[in-house]
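Peer 1: To start, I am sharing the structure in question, which I have written as structure tokens.
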Amino acid sequence: MKIITLLNEKGGVGKTTTATHLAAGLAIRGHRVVLVDTDPQGHATVTLGTKKLPGFYDLMVRDADFSDVARIVSPEIYEMPGQEVKGQLFIVPSNVETRNVSNSIDEAMAVKWKLEELQEFVDFVIIDTSPTPSLLHGSIYLATDGILYPVTPEYLSFDGFIQSIQHRRQADKRREMEGMKSVFMLGILPTMVRPRTIEHSDNLSELKSQFGNKVWNQITLRTIWGQASRMHKLVWGLVPDSAAANEAWGMVERFEQEVVNV
């Protein structure tokens, strides 16, 4: 089992869109996947057709079992027309109660210990996070094997990304004390890219110059992403042959290549 977190301490950079498409794509390709929604907004929850519920809160604070809080996601929600879903996708839902988790757990290793209960049952745990750093983020840093950073090539997104990297390095010091290896940087995913603008082109070039091959192929800003979100569809379920769907599948394929090194 690998635990991968989507993280950037800046909102509106596509973390939830990335998390849902990544988790769903992996399930379509034959993996057993649990998507854990740790954002009080619960947008990953509703994107996958589930009502906002205190699933993550119950899991962490009330010590509920995964069998009681995880909801299986119907393949009809995320399938691609003409392609069989070979795996399974589960969602641990979130709602506003999630914001109280960080004040209700007193052990930094709490998330790690809880997720270890899934060790024999799933291939991947994907964690969607809120942009606001908290004690919960600290516990997630200790639980995760790797991090994928969605980054829009703009100043505020870069600032959130830099803050995220600094917090990861701080967490690595605690991991070292616990005899754990450092968190693996799975990659940097450029999101909502407007390639014809000077700002995005220049910032994307700067990102690549600093991080090289860690920068994945971009996800271009297209109207179809917003349309799919409004219709509670994944992009390949709405327009399977579109450029957006191809970019999304490219992200899933890159994930499978990189996770081998985690």
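The values are calculated or read from the model by the stated rules, or taken from the named source; none is laboratory data. Predicted, not measured: the structure shown is a model, and the values here were computed from it. Reconstructed Cβ throughout: ideal geometry from the backbone, glycine too, with neighbour counts over all protein chains shown.
Peer 1: Any idea which of ILE198, ILE219, ILE165 is of a type in the set (A, V, I, L, M, F, W, C), over 17 Å from THR18 (Cα atoms) and within 21 Å of the chain's Cα centre (by Cα)?
Peer 2: Matching residue, one of ILE198, ILE219, ILE165: ILE165.
Residue-wise test of (1) closer than 29 Å to SER164 by Cα; (2) of a type in the set (Val, Ile, Thr); (3) out of contact with any strand residue (DSSP E or B) (no Cβ under 8 Å at 6 or more places or on another chain).
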| residue | (1), (2), (3) |
| --- | --- |
| ALA70 | yes, no, no |
| GLU79 | no, no, yes |
| LYS86 | no, no, yes |
| PHE124 | yes, no, no |
| LEU136 | yes, no, yes |
| ILE140 | yes, yes, no |
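Peer 1: Among what's in the range 77-132 and is touching a Pro at 6+ places or on another chain (Cβ under 6 Å) and either within 23 Å of TRP236 (Cα to Cα) or assigned to a strand (DSSP E or B) (or both), pick the residue that is modelled with the highest pLDDT.
Peer 2: VAL85
Peer 1: Now a separate question. Just checking, which of ILE28, ILE72, ILE4 is aliphatic (A, V, I, L, M) and in contact with a Ser or Thr (Cβ under 7 Å, 6 or more places away or on another chain)?
Peer 2: Being aliphatic (A, V, I, L, M) and in contact with a Ser or Thr (Cβ under 7 Å, 6 or more places away or on another chain) holds for just one of ILE28, ILE72, ILE4, which is ILE4.
Peer 1: Look through the range 92-127, keep the residues that are touching a residue at least 60 places away in the same chain (Cβ under 8 Å) and aromatic (Phe, Trp, Tyr), and return whichever of them is surrounded by the fewest Cβ atoms within 10 Å (Cβ to Cβ).
Peer 2: Here the answer is PHE121.
Peer 1: Restricting attention to the range 54-91, which residues are among the β-branched types (Val, Ile, Thr) and either surrounded by fewer than 23 Cβ atoms within 10 Å (Cβ to Cβ) or at positive phi (or both)?
Peer 2: VAL61, VAL69, ILE72, ILE77, VAL85
Peer 1: Another question about this same structure. Considering only residues that are touching a Pro at 6+ places or on another chain (Cβ under 8 Å) and at pLDDT 95 or above, look in the range 218-239 and name the one that is nearest to ALA44 (Cα to Cα).
Peer 2: In this case the residue turns out to be ILE219.
Peer 1: Still on this structure, I have one more. Quick one: which residue in LEU35, LEU26 is part of a strand (DSSP E or B) and under 22 Å from MET251 (Cα atoms)?
Peer 2: Residue meeting the stated conditions: LEU35.
Peer 1: Still on this structure, please answer the following. Out of (1) more than 16 Å from PRO75 (Cβ to Cβ); (2) surrounded by 24 or more Cβ atoms within 10 Å (Cβ to Cβ), the odd one out for LYS51 is which?
Peer 2: (2) is the only condition that LYS51 fails.
Peer 1: Of the residues THR45, THR16, THR5, only one is under 16 Å from ARG254 (Cα atoms), polar (S, T, N, Q), within 13 Å of the chain's Cα centre (by Cα) and not in a loop (DSSP other than H, G, I, E, B); which?
Peer 2: On inspection, the qualifying residue turns out to be THR5.
Peer 1: Which ones in the range 179-191 are assigned to a loop (DSSP other than H, G, I, E, B) and surrounded by 11 or more Cβ atoms within 10 Å (Cβ to Cβ)?
Peer 2: Those that are assigned to a loop (DSSP other than H, G, I, E, B) and surrounded by 11 or more Cβ atoms within 10 Å (Cβ to Cβ): MET180, SER182, VAL183, THR191.
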